[in-house]
1. For residue 52, only one of the following conditions fails: (1) in contact (Cβ under 8 Å) with a residue 40 or more places away in the chain; (2) in a loop (DSSP other than H, G, I, E, B); (3) under 24 Å from residue 29 (Cα atoms). What is its number?
2. Return a yes/no flag: does the range 22-40 have any residue that is closer than 20 Å to residue 100 by Cα, crowded, with 21+ Cβ neighbours inside 10 Å, in contact with a strand residue (DSSP E or B) (Cβ under 6 Å, 6 or more places away or on another chain) and at pLDDT below 95.
3. Mind checking which residues of the range 20-37 are within 15 Å of residue 70 (Cα to Cα) and free of Cβ contacts under 8 Å to residues at least 40 places away in the same chain?
4. Given the condition surrounded by 20 or more Cβ atoms within 10 Å (Cβ to Cβ) and modelled with pLDDT of 95 or more, answer yes or no: does some residue in the range 108-125 qualify?
5. Considering only the range 80-95, how many residues are outside any strand (DSSP E or B) and within 11 Å of the chain's Cα centre (by Cα)?
6. Residue pairs, Cβ under 8 Å, 6 or more apart or interchain, first in the range 66-89 and at positive phi, second buried (at least 23 other Cβ atoms within 10 Å of the Cβ) and assigned to a strand (DSSP E or B). List them.
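The values are calculated or read from the model by the stated rules, or taken from the named source; none is laboratory data. Note that the structure is a prediction, hence the values are computed from the model and not measured. With ideal geometry, Cβ positions are generated from the backbone for all residues, glycine too; neighbour counts draw on all protein chains shown.
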């Protein structure tokens, strides 16, 4: 009747998703690159790149995110997000603007929220971290952060 399991599921070694914000990309900061790992991230500045989180992503009212595919357990958008979203739960606040398709198990919006794209509801969503997914978002490299007022020497 009861069998002993010989194999351990892959998710057994992964840390539990973070339900609180542990890192903030403040307003006035522009960042190009990748955010990977476990933890909660709040974006109040501008971010362009890849996001793959086992945790929560909050795009604040002043936040601007451009990403091919945002992957996180929970995504809350109060600012602007351009790109597809794959998450267990997606919430678009009244000030939120999303241009992209959404794949989720739970979806909520407030009056005034904007979405240009399609929503596909699934029974469950698996968020897989990349191979170097042991990275904690609290230990982000300073070399990838630049202020919006700073000039890029490659643009001259």
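1. Unmet for residue 52, out of (1) in contact (Cβ under 8 Å) with a residue 40 or more places away in the chain; (2) in a loop (DSSP other than H, G, I, E, B); (3) under 24 Å from residue 29 (Cα atoms): (2).
2. Our first condition is that a residue be closer than 20 Å to residue 100 by Cα; within the range 22-40, this holds for 32-35.
Pick out the ones that are also crowded, with 21+ Cβ neighbours inside 10 Å and you get 35.
So of that shortlist, the ones also in contact with a strand residue (DSSP E or B) (Cβ under 6 Å, 6 or more places away or on another chain) come out as 35.
Remaining after also requiring at pLDDT below 95: 35.
Yes, the range 22-40 has at least one match.
3. 34 - this is the single residue of the range 20-37 that is within 15 Å of residue 70 (Cα to Cα) and free of Cβ contacts under 8 Å to residues at least 40 places away in the same chain.
4. Restricting attention to the range 108-125, the residues satisfying the condition of being surrounded by 20 or more Cβ atoms within 10 Å (Cβ to Cβ) are 115.
Imposing the further condition that a residue be modelled with pLDDT of 95 or more reduces the set to 115.
Among the residues of the range 108-125, at least one is surrounded by 20 or more Cβ atoms within 10 Å (Cβ to Cβ) and modelled with pLDDT of 95 or more, which makes the answer yes.
5. In the first step, residues of the range 80-95 are kept if they are outside any strand (DSSP E or B); the result is 93-95.
Of the ones still in play, those that are also within 11 Å of the chain's Cα centre (by Cα) are none.
Qualifying residue count, the range 80-95: 0.
6. Here the result reads 83/65; 83/70, each pair linking the range 66-89 to a residue that is buried (at least 23 other Cβ atoms within 10 Å of the Cβ) and assigned to a strand (DSSP E or B).
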